[in-house]
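One structure below.
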Amino acid sequence: MFWCDLFLFFFEVIILSICVLVGVAFLTLLERKVLGYIQIRKGPNKVGFVGLLQPFSDAIKLFTKEQVIPYMSNFYLYYLSPVINLFLALILWFSVPFLSTLFNFNFGLLFFLCCSSLGVYTIMMAGWSSNSNYAHLGSLRSIAQTISYEVSLSFILLCFLILISSLNLLDFCSYQVHFWFLFICFPLALIWFVTSLAETNRTPFDFAEGESELVSGFNVEYSAGGFALIFMAEYANILFMSFLFVLFFLGGDFYSWFFFVKLAFVGFLFIWVRGTLPRYRYDKLMYLAWKGFLPVVLNFFLFFMGLKMFTLHS
């Protein structure tokens with residue numbers, strides 16, 4: 001029985017990883033298409049039917065190119081950083097509440113916080129081990145940004161912890177059967193979305209990849225497969241943050257097809273923001289995190305704590 005469960009677990013891990021990577025491939029295609037139409041041009045439409053095979057063509061091109069390794073880089077850290085980055089992005093998906101075998105566990109939110117916090121170290125390793133000033137500056141910016149926004153992210157999760165008294169992601173589905181959390185936590189939903197943009201280094205918070213001053217940020221020295229792995233990790237994180245947004249605020253009806261329609265819509269919002277908003281100034285980014293979002297989230301936290309105490313005593 002033990003070996004059967006173990007085999008089932010590894011089989012689920014492989015299937016989930018493949019599904020996430022295919023989702024990432026088509027998210028990149030969606031982004032290129034949407035940005036194309038926003039800029040009044042066609043997106044990729046030559047490879048396959050209306051460009052459907054373009055992501056696979058890009059993947060083959062990147063993974064078959066020659067890997068260029070800077071002479072002065074710290075080889076092992078430089079080589080392993082993208083691998084660990086993608087590994088952590090895929091491990092995040094293990095907190096998805098499946099009903100079978102080992103995937104539905106009671107500390108899903110805690111697991112998410114632990115794994116997302118580790119992502120900072122891979123960016124730090126990638127920037128430092130490249131031994132390039134541009135990469136180092138990009139990684140420092142990204143670390144400061146991620147740590148700042150993780151504070152408000154954690155407090156939003158604490159609000160939900162008080163509201164539903166559980167760390168299990170599956171409980172969000174049962175609490176939103178009749179009423180979405182979006183309506184009672186609308187400011188929190190907006191803050192969560194903006195924080196997700198900052199956590200995944202997306203426009204308008206893509207300071208780690210500020211092309212105008214840092215060329216390409218922490219991944220500037222990466223090419224071929226290494227760059228592809230960093231790219232895939234970023235889009236896997238975007239997909240996961242979209243998944244969490246739908247689970248927390250838009251009903252979380254995880255076992256219906258409508259859930260995935262909402263997931264695609266939130267993913268589209270990430271792309272829409274990239275196509276319309278200019279890059280923020282770095283000091284404004286920090287100001288927004290510490291003097292804008294944090295006080296609002298703390299007020300919500302105290303409000304939910306008071307609400308819970310009131311309901312317990314009444």
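So the values come out like this:
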{"item": "In the stretch 15-50, the residues that are surrounded by fewer than 14 Cβ atoms within 10 Å (Cβ to Cβ), part of a helix (DSSP H, G or I) and among the basic types (Lys, Arg)", "result": "none"}
{"item": "The one condition in (1) charged (D, E, K, R); (2) surrounded by 14 or more Cβ atoms within 10 Å (Cβ to Cβ); (3) over 24 Å from residue 252 (Cβ atoms) that residue 12 fails to fulfil", "result": "(3)"}
{"item": "Selected residue (criterion: surrounded by the most Cβ atoms within 10 Å (Cβ to Cβ)) from residues of the stretch 51-67 that are in a helix (DSSP H, G or I) and polar (S, T, N, Q)", "result": "54"}
{"item": "Residue 285 vs. criteria aliphatic (A, V, I, L, M), closer than 26 Å to residue 17 by Cβ and either in contact (Cβ under 8 Å) with a residue 12 or more places away in the chain or buried (at least 20 other Cβ atoms within 10 Å of the Cβ) (or both)", "result": "no"}
{"item": "Long-range neighbours under 7 Å by Cβ, at least six apart or interchain, first residue without any contact (Cβ under 8 Å) to a residue 40 or more places away in the chain and surrounded by fewer than 20 Cβ atoms within 10 Å (Cβ to Cβ) within the stretch 80-93, second part of a helix (DSSP H, G or I) and not small (Gly, Ala, Ser)", "result": "91/115"}
{"item": "Residue within the stretch 193-209 that is outside any helix (DSSP H, G or I), of a type in the set (Ser, Thr, Tyr) and more than 15 Å from the chain's Cα centre (by Cα) present", "result": "no"}
{"item": "Residue list for the stretch 160-176, filter: touching a residue at least 24 places away in the same chain (Cβ under 8 Å), over 19 Å from residue 305 (Cβ atoms) and either assigned to a loop (DSSP other than H, G, I, E, B) or of a type in the set (Gly, Ala, Ser) (or both)", "result": "168, 169, 170, 176"}
{"item": "Failed item, numbered, when residue 255 is tested on (1) part of a helix (DSSP H, G or I); (2) closer than 23 Å to residue 163 by Cβ", "result": "(1)"}
{"item": "Number of positions in the stretch 13-55 that are among the charged types (D, E, K, R) and closer than 28 Å to residue 96 by Cα", "result": "2"}
{"item": "Given (1) more than 22 Å from residue 235 (Cβ to Cβ); (2) in contact (Cβ under 8 Å) with a residue 24 or more places away in the chain, number of the condition residue 71 does not satisfy", "result": "(2)"}
{"item": "The stretch 251-263 residues that are within 18 Å of residue 235 (Cα to Cα), paired with ones that are in a helix (DSSP H, G or I) (beta carbon under 7 Å, 6 or more apart)", "result": "262/246; 263/242; 263/243; 263/246"}
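Coordinate-derived values only; no laboratory data. Note that the coordinates shown come from a computational prediction; the quantities given were computed from them, not determined experimentally. Here Cβ is always computed from backbone atoms with ideal geometry, including for glycine, and neighbour counts include all displayed protein chains.
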